[in-house]
């Protein structure tokens with residue numbers, strides 16, 4: 001048992017959060033995490049309509065009576081996203097925590113708080129974390145340079161950014177980007193976090209709705225098999241270093257602009273790859289932490305193992321050092 | 001008190017090592033660290049001749065009766081370096097540990113071991129760490145992407161590389177790159193290290209023989225004020241983002257080669273800057289951890305504070321979480 005300000009505030013057993021992953025964190029994975037004592041987070045933008053999203057939330061409520069959250073990412077997108085309707089769906093399904101990313105959630109925070117929904121905003125810099133606290137966010141998530149997806153443009157690693165932000169903010173901070181096991185959990189808690197949020201690690205579980213080809217490929221992938229794209233567009237994106245990503249990178253280095261790149265960046269390609277097991281044919285967000293992952297356990301096995309390792313570090317490793 | 005395999009093997013009080021810094025870690029700083037219970041490391045390449053180096057080691061022995069080490073970096077260099085003579089000086093001064101970096105120390109390891117000198121080899125990848133263990137190094141130091149100086153070419157951060165290497169190796173691992181305080185020390189120990197090695201943090205102490213202009217400038221520097229040079233030369237170098245570094249970067253991006261860049265990369269420029277307090281006029285190695293540093297204590301105050309914070313995390317923060 002590890003009790004923190006986050007486990008208390010969210011009424012969960014373990015300080016372990018499954019971060020929103022588009023197309024992946026749907027009802028099955030999310031509720032598996034919550035049932036195992038963590039907090040699962042579903043991604044609103046995985047659904048083609050507010051109605052589909054609503055149905056998936058109702059399905060999740062049938063699969064667990066534990067708390068779970070929803071991710072709502074405010075990113076530049078090629079399609080119009082009905083944010084107001086999605087938030088209404090979140091409210092009507094009595095979700096108690098929302099993870100936001102991209103633009104800050106200032107426009108919605110009053111409405112969310114009136115419905116007793118807590119807001120965890122993911123940031124990649126001290127400046128944005130301070131802003132998130134100032135506008136009333138309840139928690140801040142800190143994503144370091146090593147994270148999957150969007151690490152921001154500063155290239156500052158979790159080891160620096162997490163203690164910096166934890167010290168500067170009064171609200172609890174959640175560590176993400178680079179965590180996969182109990183060692184990382186204890187490191188995060190030492191650096192000032194009140195929980196870890198993991199994406200890549202939960203993608204590599206039995207319950208993640210991802211083709212086994214993808215999981216087996218990532219199982220063999222080393223910490224060196226990610227790369228950063230879209231740097232010139234100021235929208236850096238860490239992905240698996242496959243043929244598709246290397247092609248996009250080459251085009252970028254040759255000066256291709258957004259218009260030329262857009263078809264290759266489409267999330268729908270990723271959806272198809274995840275379903276069909278096409279490991280080379282789309283951009284697949286992936287963190288450096290893939291190099292630390294060497295199994296595909298069930299979500300419960302994973303969370304139990306993380307807590308067991310974490311407790312062992314506290315009860316045995318540190319105890320021996322201080323005797 | 002934190003007792004680890006490193007404190008036992010080196011007969012030091014605290015698992016804190018001051019990494020070799022050219023021009024900076026000379027007798028005064030190094031012995032201050034050893035006298036405060038850590039391990040100081042002097043840099044052999046700070047001296048213009050083996051005789052000068054020998055004199056400084058003799059001075060250090062007068063300033064402390066505690067163990068201290070010597071750094072010997074095997075890097076591509078513009079001048080001939082008399083490595084054999086430097087090693088003879090190390091042996092005749094009865095130094096018990098040597099920190100090596102750059103090329104691995106295979107050619108010298110037999111000789112060093114015959115003199116009971118332990119070898120800590122700094123690495124920036126799992127591959128090099130495994131090689132270091134295979135050739136008989138006693139310890140491996142792991143430098144992540146965030147470190148000052150040379151992080152290698154893989155861009156893998158300490159949070160990933162440290163647990164990866166710690167798990168793969170039997171010999172003790174030392175964490176470096178991104179550590180400045182007790183929070184970082186506990187994080188490193190949780191991730192599998194047996195000690196932390198810090199450079200930037202020890203540069204920012206009263207005893208570091210560096211002009212106060214430099215220290216005051218770094219005191220205000222944020223985590224975002226470093227940049228990587230020499231990427232195209234496959235010799236990446238993290239330095240303070242000053243005018244000189246930005247000029248070099250611009251030249252690199254415009255295709256300048258080593259011949260054109262060499263005069264601007266000279267370490268002698270750095271020596272002059274450190275002495276005269278010229279913060280804009282040379283390359284000054286600096287890690288992202290500068291953003292976590294907000295004081296210039298004495299070495300003893302620093303080490304005492306790190307241990308106090310570390311013990312507080314174990315005795316109070318973790319204890320409260322597990323009750």
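No lab work stands behind these numbers, since they all come straight from the coordinates. Keep in mind that what you see is a predicted model, and the values were worked out from it rather than measured. All Cβ positions, glycine included, derive from the backbone under ideal geometry; neighbour counts span all protein chains shown.
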By the Cα gyration tensor axes a ≥ b ≥ c (a/c under 1.5 gives rounded; else a/b larger than b/c gives prolate, otherwise oblate), the shape of chain B is rounded
Give me the percent relative contact order of chain B, please, defined on Cα pairs under 8 angstrom at least 6 residues apart.
17 percent
Restricting to Cα pairs under 8 Å and 6 or more apart, the percent relative contact order of the range A:226-285 works out to 36 percent
Given a 10 angstrom Cα cut-off, can you work out which residue in A:103, A:243, A:114 is the most mobile in a GNM of chain A?
A:114
Of the peptides A:81-93, B:157-169, how do they stack up when ordered by the mean number of other Cβ atoms within 10 Å, highest first?
B:157-169, A:81-93
Any idea what the residue B:209 label distances to the other copies are, label 7 Å down the Cα→Cβ vector, nm, shortest first?
6.6
Roughly how many Å is it from the Cα centre of the range A:153-215 to that of the range A:1-79, as a whole number?
16 Å
Ascending list, in nanometres, of distances separating the residue A:319 label from those of the other copies (7 Å, Cα toward Cβ)
1.4
How high is the relative contact order of the range A:181-323, in percent, counting Cα pairs under 8 Å that sit 6 or more residues apart?
37 percent
Between the range A:80-134 and the range B:250-310, the alpha-carbon center distance in angstrom
40 Å
Peptide A:184-197: average number of partner chain Cβ atoms within 10 Å per residue?
5
So for the pair residue B:243, residue A:315, with labels modelled 7 Å out along Cα→Cβ, what separation do we get in nm?
6.0 nm
From DSSP H assignment alone, runs of 4+ in the protein assembly as shown each adding -39500 (n - 2.57), the sum over residues rounded to the nearest 500 puts [θ] at 222 nm at -12000 deg cm²/dmol
Once you've got the GNM for chain B with C-alpha springs shorter than 10 Å, pick whichever of B:53, B:68, B:202 has the biggest mean-square fluctuation.
B:53
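Is the range B:151-258 best put as rounded, prolate or oblate by its Cα gyration tensor, with a ≥ b ≥ c the root eigenvalues, rounded for a/c under 1.5, and otherwise prolate when a/b is larger than b/c, oblate when not?
Because a/c hits 1.5 or more and a/b fails to exceed b/c, the range B:151-258 counts as oblate.
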Shortest first, in nm, what separates the label point of residue B:82 from those of the same position in the other copies (7 Å along Cα→Cβ)?
8.1
